[in-house]
1. Give the residues of the stretch A:260-274 that are more than 8 Å from chain B (Cβ to nearest Cβ), assigned to a helix (DSSP H, G or I) and in contact (Cβ under 8 Å) with a residue 12 or more places away in the chain, sorted by residue number.
2. Look at A:R235 and say whether it is free of Cβ contacts under 8 Å to residues at least 24 places away in the same chain and at the interface with another protein chain (Cβ under 10 Å from one of its Cβ atoms).
3. Inside the stretch A:8-43, can you point out the residues that are part of a helix (DSSP H, G or I) and more than 22 Å from the chain's Cα centre (by Cα)?
4. Determine, yes or no, whether B:T237 is within 14 Å of chain A (Cβ to nearest Cβ), among the polar types (S, T, N, Q) and crowded, with 19+ Cβ neighbours inside 10 Å.
5. Tell me the residue from B:G254, B:G258 that is in a helix (DSSP H, G or I), within 12 Å of chain A (Cβ to nearest Cβ) and buried (at least 19 other Cβ atoms within 10 Å of the Cβ), please.
6. Starting from the stretch A:198-225, keep only residues that are over 19 Å from B:S259 (Cβ atoms) and more than 14 Å from chain B (Cβ to nearest Cβ), then list their pairs with residues that are part of a helix (DSSP H, G or I) and among the charged types (D, E, K, R) whose Cβ atoms are within a distance under 9 Å, requiring at least 6 positions of separation or different chains.
7. If you take the residues of the stretch A:156-168 that are surrounded by fewer than 19 Cβ atoms within 10 Å (Cβ to Cβ) and under 27 Å from the mean Cα position of the chain (by Cα), which of them is nearest to A:G200 (Cα to Cα)?
8. Of the residues A:L6, A:L67, which single one is over 17 Å from A:M225 (Cβ atoms) and out of contact with any Lys or Arg (no Cβ under 9 Å at 6 or more places or on another chain)?
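The values are calculated or read from the model by the stated rules, or taken from the named source; none is laboratory data. Worth saying up front: this structure is predicted, and the values here are computed from it rather than measured. Methodologically, a virtual Cβ is constructed for each residue, glycine included, from the backbone with ideal geometry; neighbour enumeration extends over all protein chains shown.
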Amino acid sequence: MNERSLWRRFAASRSGVLGLVILVIVGLVALTAPIFFPENPFAIVDKPFLPPFGKYLLGTNSLGRDLASGIAHGARTSLMIGLLATAATLIVGTITGALAGFYGGRIDNALMRFTELFQTIPPFIFAIVLVAILSPSLRSTVIAIAVVSWPPIARLVRGEFLTLRNREFVQACVVLGMGDMQMIWRQILPNCLSPIIVTGSLLVATAILTESALAFLGLGDTNVMSWGFMIGAGRTYLRSDWWLCAIPGIAILLTVLAINLVGEGLNDALNPRLRSH
Amino acid sequence: MSRLRLVALRLAQAVPILLGIVVLNFLLLHLAPGDAVDVLAGEAGGAPAEYLALLRERFGLDQPLFLQLFYYIKSVAFLDFGYSFRQGAPVLQLILDRLGPTLLLMTTALFLSAGGGVLLGVVAAMRARRWADSVISVLAVISYATPLFWIGLMLILVFSIKLDWLPTTGMEDVTAFYEGWDRVLDIARHLVLPARTLSLFYLATYTRLMRAAMLDQAGMDYVTTARAKGLTERRVTLRHILPNAFLPVLTIIGVQIGSLLGGSVVVESVFAWPGLGLLAYQSLFARDLNLLLGIFFFCACLVVLVNLAIDIAYGLLDPRTQRS
């Protein structure tokens, strides 16, 4: 399918386009954060608890930090962790699923048992344990999210490989004497990219939610500004200065919503037959 | 008899998973900084030196790794998860003390989300593509994107701080010394906001799932047959389509029970609800890794148990699955 028709089908879903617009804005905020807010978002700029829409666009927090700067730098953190964690998840899940689906038999059995074990474990509690053990940092957060989210991807890729494995084009490759690795990565994988892309886009949203929850619980990287951390820091002042919690939460809500909408739009565009009711 | 055998079979299948969880717990223990005993005794000291020496001997830390694993499995099999010096009590006792509130919160959230999801899903399916359907769909999409902890804080802000209708945190008003029904009522009032918060995401999931399943089932032959018999539309929907459409929801409840437990960590720490989640949160701050690992292990076992129960319930609801 060519790119233009793909775009036209994506544009047919109004909610998908809305999501894309919000996402582009969040992306721009994240990219321009160092230009508009060159100072460290942890820097104390003024008196604490200045209300929004005064001297500072979103006011200052309990320590006198600029809230708008925190939101902008937090966008960088959220998007970066969302993308990195999703990339790591996709790599682990795709390799596991591809090997299980391609080789079948004992390898499949063993890998799927392993996947089942990881699916049984409560994901968020597992993530908490991992970050606590690896000690909080960006790297630990990415690792923890990837470790708890790969099983569904592995199952998806395995299913696709199981059906594609016996198709004629794969059998033709076998006859040509092509190596296993080349068949897996060059021939079969490109044919199951669209469900992987759709699931991957939704994974970014889940990863951002998980990261914010970890940061809220105090398990984020203490040197990096994050929306979850801002909500956690503001909760003590909910009674008097509720916007300290409300604003970062709205940022998370909008970003995750936008990604979900884009994911659904992609799904409709890539799998027109599977369009939901 | 066949039902008993089904239960026995499922139990046997759960054993390797439980063993896997124990091994994983053991590996995590070793991954942590310091040796396993430092972690077991609550990191950064707190435990007397004699106890540490005793533990080192008991877990055979001078012996090969697989022997250590064997000792570890043995102690877990006897439900010995060690002692928390930070809390001054055995880990098992701490966990059991906190289990009740968590189960209360989780079952309430589960009934709210499953009940509400079925109801809203049926309404959305019956009104497919009309305004009620659209409103429900939009609300579901927004619920998907809302962080649990944030919606919890916003509910506290609106219903406790601004409107002053409901208590902000805790499970009961301990200073009031309520007894009997007054106490039940007091706990119920405290339960409203945390249960509502925890159920929101799942309510959205079950609503969408129920809607899709209802629309799927509506096209089946048996529905046409039921209509041909002259049954009313209401009876066809409620007695014929609904029970069949509920099965996928039941499956997803089993799949998501682990994430519900994870959600309760966040919700309990927002509402200071004295359950396992709050205990996990407190153990994080005390750097009490062994207690955290104990909770982790317990939660994983709970997921296995609930899935066992759902498998059996599935067999009862759908006789076709029993034969296979």
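1. The first filter runs over the stretch A:260-274 and keeps only residues more than 8 Å from chain B (Cβ to nearest Cβ), leaving A:262-274.
With the extra rule that they be assigned to a helix (DSSP H, G or I), the set shrinks to A:262-270, A:272-274.
Listed by number, the residues that qualify are A:V262, A:G263, A:E264, A:G265, A:L266, A:N267, A:D268, A:A269, A:L270, A:P272.
2. Numbers: free of Cβ contacts under 8 Å to residues at least 24 places away in the same chain: yes; at the interface with another protein chain (Cβ under 10 Å from one of its Cβ atoms): yes.
Taking the combined requirement at face value, the residue satisfies it.
3. Of the residues in the stretch A:8-43, the ones part of a helix (DSSP H, G or I) are A:8-11, A:14-36.
Selection gives A:R8, A:R9, A:A11, A:R14, A:P34, A:I35, A:F36.
4. Working: within 14 Å of chain A (Cβ to nearest Cβ): no; among the polar types (S, T, N, Q): yes; crowded, with 19+ Cβ neighbours inside 10 Å: yes.
Considered against the rule, which asks whether it is within 14 Å of chain A (Cβ to nearest Cβ), among the polar types (S, T, N, Q) and crowded, with 19+ Cβ neighbours inside 10 Å, B:T237 comes out as no.
5. Working: B:G254 fails: buried (at least 19 other Cβ atoms within 10 Å of the Cβ).
Every option except B:G258 fails the conditions.
6. From residues that are over 19 Å from B:S259 (Cβ atoms) and more than 14 Å from chain B (Cβ to nearest Cβ), the pairs are A:V198/A:E264; A:D221/A:R139; A:V224/A:R76; A:M225/A:R76.
7. Initial filter on the stretch A:156-168 (surrounded by fewer than 19 Cβ atoms within 10 Å (Cβ to Cβ)): A:159, A:162-168.
Subset that is under 27 Å from the mean Cα position of the chain (by Cα): A:159, A:162.
Details: A:G159: 16, A:L162: 20 Å.
Filtering first and then ranking leaves A:G159.
8. On the way: A:L67 fails: over 17 Å from A:M225 (Cβ atoms).
Just one listed residue meets the conditions, A:L6.
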